[in-house]
Each structure stands twice: as C-alpha cells, then as structure tokens.
Amino acid sequence: MSNAYPITKTGYEKLRAELKHLTSVERPAVVKAIEEARAHGDLKENAEYHAAKERQSFIEGRLQEINGKLANCNVIDPSTLSGDKVIFGATVTVLDLDSDEETTYTIVSEDEADLANHTISFTSPIARGLIGKRVGDEVTIRIPKGQIDMEIVEVEFK
C-alpha cells in the first residue's frame, strides 16, 4: 500500500460528494447539452458542441481521478492522534522568526488544501519542512520566493 493517499475524514466525504454530484448532475447535463448541440447540424462549426465535449472530457477525467484517490485513500481522523510531532492531520502553530508573527496551519491532502483557511497540502514546501519536527524545533524552509525561518510553537490534533 505504498501509493496510499492520505486524506482526512472531512476530505474523504467532500470527495465522495463531488463524485456523486459529477455522476448524478454534471454528467447527465453535459450529455443533454451534447445531444442538443448535435441537433443544430454541422458539428465542425458548432461552438456549443465543442464546449460540451470539452466539458464532458473534463468531467470524465475528474471522475477517474476521484475514483483513483478514493480507491487508494487512507482516511485519517486527526482527533484520534496525539503528540508533539508534526504529522499529517496536525494543526501546527509556527512563529516566523523574521517577522515575529504566528501562523497556524493544518496539514491535509492536496484536495483539502486552501491557504485562505490555513490548510496546506502535505506535499507543500512548508508542510514538508515541518513534518517530523517537534514543538520547540527551529526550521529553515525553502519556498518559491526564498526561505523562511520558523519555530514550532504548538502541535494540536483536532
């Protein structure tokens, strides 16, 4: 199970909901749009037809991606975890040693990452730099715009 895809319970439910929506709403709608566009005649110059076919291709690709992730996922409930070591599912408070500002991040799957909500993917540079470290550790993390120096202030599991 080396290609297991870690995901939180919330992320898993979100993916299942997206899968259901794509199969029960989006897919039938795009099939109907293709049928309607075909009825208009010449397909070579039919923008609606080409747009619907492109949308259909996107939907089928996303369905395949979601099904693959769900088949290989390892659902993790952060509330069952504990300790002071940063791992997947941890909510980590860090102190930027240059600006003296504290920030809190929760380390989640790629599908759940949303920087505006302070959730970061376990594959992101910041998460990779924090994983395996403990409260009190200072880390230097290379990010696209240079590097940041941080101290891990707190590790929680919610």
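Taking the options LYS14, LYS32, name whichever one is assigned to a helix (DSSP H, G or I) and in contact (Cβ under 8 Å) with a residue 60 or more places away in the chain.
On the way: LYS32 fails: in contact (Cβ under 8 Å) with a residue 60 or more places away in the chain.
Of the residues listed, the single one that is assigned to a helix (DSSP H, G or I) and in contact (Cβ under 8 Å) with a residue 60 or more places away in the chain is LYS14.
Name the residue that is farthest from ASN67 (Cα to Cα), counting only residues in segment 20-54 that are small (Gly, Ala, Ser) and either at pLDDT 90 or above or in contact with a Lys or Arg (Cβ under 9 Å, 6 or more places away or on another chain) (or both).
Step one: list which residues in segment 20-54 are small (Gly, Ala, Ser), which gives 24, 29, 33, 37, 39, 41, 47, 51-52.
From what is left, the residues that are either at pLDDT 90 or above or in contact with a Lys or Arg (Cβ under 9 Å, 6 or more places away or on another chain) (or both) are 24, 29, 33, 37, 51-52.
Details: SER24: 15, ALA29: 20, ALA33: 24, ALA37: 29, ALA51: 24, ALA52: 22 Å.
Among those residues, the one meeting the criterion is ALA37.
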* Asked: In segment 28-56, which residues are surrounded by 15 or more Cβ atoms within 10 Å (Cβ to Cβ) and either basic (Lys, Arg) or over 28 Å from ASP114 (Cα atoms) (or both)?
  -> VAL30, ALA33, ILE34, ALA37, ASN46, TYR49, ALA52, LYS53, ARG55
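Working only within segment 148-158, note down all residues that are surrounded by 12 or more Cβ atoms within 10 Å (Cβ to Cβ) and not acidic (Asp, Glu). Walk me through how you get there before you give the answer.
Filtering segment 148-158 for residues surrounded by 12 or more Cβ atoms within 10 Å (Cβ to Cβ) gives 148-157.
Listed by number, the residues that qualify are ILE148, MET150, ILE152, VAL153, VAL155, PHE157.
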* Any chance you could count how many residues in segment 9-18 are surrounded by fewer than 17 Cβ atoms within 10 Å (Cβ to Cβ) and among the hydrophobic types (A, V, I, L, M, F, W, C)? => 1
* For segment 58-98, enumerate the residues that are surrounded by 15 or more Cβ atoms within 10 Å (Cβ to Cβ), assigned to a loop (DSSP other than H, G, I, E, B) and among the aliphatic types (A, V, I, L, M). => LEU81, VAL86, ILE87, ALA90
* Residue check, THR93 against (1) at pLDDT below 95; (2) hydroxyl-bearing (Ser, Thr, Tyr); (3) outside the structural domain of ALA29 (by TED's automatic domain parsing), all met but one. Which one? -> (1)
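The values are calculated or read from the model by the stated rules, or taken from the named source; none is laboratory data. Fair warning: this is a prediction, and the values are worked out from it, not measured in the lab. Methodologically, a virtual Cβ is constructed for each residue, glycine included, from the backbone with ideal geometry; neighbour enumeration extends over all protein chains shown.
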